[in-house]
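The values are calculated or read from the model by the stated rules, or taken from the named source; none is laboratory data. As the structure is a computational prediction, the values presented were derived from the model and not from experiment. Virtual Cβ from ideal backbone geometry, glycine too; neighbours counted across all protein chains shown. These accessible areas exclude ligands, DNA and RNA; they are computed on the full protein's heavy atoms, side chains included. Shrake-Rupley method; radii C 1.70, N 1.55, O 1.52, S 1.80 Å.
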Amino acid sequence: MARMKPYDELEFVDDFVFCKVMRREEICKKVIELILGVKIKSIRTFDSQHAIELTANGKGVRLDVIVDDDEGTIYNIEMQTSPENEYGKRSRYYQGMIDLETMSRGCEYSELRKCYVIFLCLTDPFRKYRAVYTFENRCVEDLSIRLKDEAYKVVVNPFGRTEGCSEELKSFLGYLRKKTISDTFTQMLDDEVKNVRAHEEWRAEYMLMGIKLREAEEKAKKEGLAEGRAEGMTESKTETAKRLVQMGLTIDQIAKAVDASKEDVQEWITMPLR
C-alpha cells in the first residue's frame, strides 16, 4: 500500500507544501527573480494545480504553479522530485497547452505572450553539473540567430556548480538541497513551510487525500487488481489512477501514490475502465 508522507514531515520540495508556499506573492515573485535574474514589479494572477482540458477526449495537463506578471509574462513552475528524462517533451506540451488556453479566437500570433516553463529538480537531468539550464529556440546552422518566439524552458539543478550565480540564488539552491537556512529569504521560506504545516484546514485537506487514496487502494485490492503478474499490477495502477482522478487528486499526487511516472499516469487515465 502506498504511504503518504506524514503531514508534519512535509517540506518545501513536497508538492503539496510547494503549491501552498508559492501562494504567498512575495515568495513566488522572489523564486522567479532568483532563477531568471529578472525583476518583477508585481504578480497579477496566481493559480496552483491549474488544470487545462481543451478537449473532452484529448490529453490534458495539471500545472503545479502558473502566474503572470504586470507585463503579461507567464511563468509555469513545476517541482520535480523524481528522476526522469522527458523534460523536453513535457515542457513542449506544457508550453503548447498554455498558449492554446491564453490565446483567444481570432488573435494575431504577435499576441502570444512571453512564457517560461521552469522545473525545480532534485537531480541533474543532463549530467552537465550546471545549476541552471536555460533553453530557447535557435538556428542549428548559426546559433547567433534566435527564433524570438519568446518561449523559454528552464531546469534548475541544486547540485550543480554555482559559479556565476548570485549569492541569493546560491542560498536558495542550498535550501533545495539540504534545507540550509543561510539568508533572509531562505529563512522566510522555512517559516512559511512551518506556517503551512500549522494550517489546520490544509492539514485536513491533506489527510482527506490520504483517506481517498486508501479507499481507492482497498477497492482495487478487493477486485483483485493489485495482485499477480506485472501486467496485473499495471491494470491495478490504471484502475487506481482513474479512481483517484475522479476523487480530485492531481497527476503529481497520483504518480507518487502509485509509484509511477507522471507520463504513465496521464496515459493510464485515458484508458477505458474494464
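Does segment 197-214 contain any residue that is over 29 Å from Leu244 (Cβ atoms) and open to solvent by less than 70 Å² (accessible area, probe 1.4 Å)? Within segment 197-214 (the criterion being over 29 Å from Leu244 (Cβ atoms) and open to solvent by less than 70 Å² (accessible area, probe 1.4 Å)), the answer is no, since none of the residues qualifies.
Of all residues in segment 120-164, those that are in a loop (DSSP other than H, G, I, E, B), free of Cβ contacts under 8 Å to residues at least 60 places away in the same chain and surrounded by fewer than 19 Cβ atoms within 10 Å (Cβ to Cβ) total 24.
Would you be able to tell me the number of residues in segment 165-179 that are surrounded by 14 or more Cβ atoms within 10 Å (Cβ to Cβ) and either over 21 Å from the mean Cα position of the chain (by Cα) or not in a loop (DSSP other than H, G, I, E, B) (or both)? Total satisfying the criteria: 10. Sub-7 Å Cβ pairs linking a first residue in segment 190-211 that is of a type outside the set (Phe, Trp, Tyr) to a second residue that is open to solvent by 60 Å² or more (accessible area, probe 1.4 Å) and in a helix (DSSP H, G or I), at least 6 apart or interchain, are Arg197/Asp8, ordered by first then second residue. Among the residues examined, Arg113 qualifies as open to solvent by 60 Å² or more (accessible area, probe 1.4 Å), under 25 Å from Arg62 (Cα atoms) and in contact with a helix residue (DSSP H, G or I) (Cβ under 8 Å, 6 or more places away or on another chain).
Look at segment 54-83: where a residue is touching a residue at least 12 places away in the same chain (Cβ under 8 Å) and open to solvent by 60 Å² or more (accessible area, probe 1.4 Å) and a partner is β-branched (Val, Ile, Thr) and not in a loop (DSSP other than H, G, I, E, B), sitting 6+ places away or on another chain with Cβ atoms under 7 Å, you get Arg62/Ile251. For segment 93-105, the condition holds for no residue, the condition being that it is closer than 30 Å to Glu168 by Cα, loosely packed, with under 15 Cβ neighbours inside 10 Å and touching a Lys or Arg at 6+ places or on another chain (Cβ under 8 Å).
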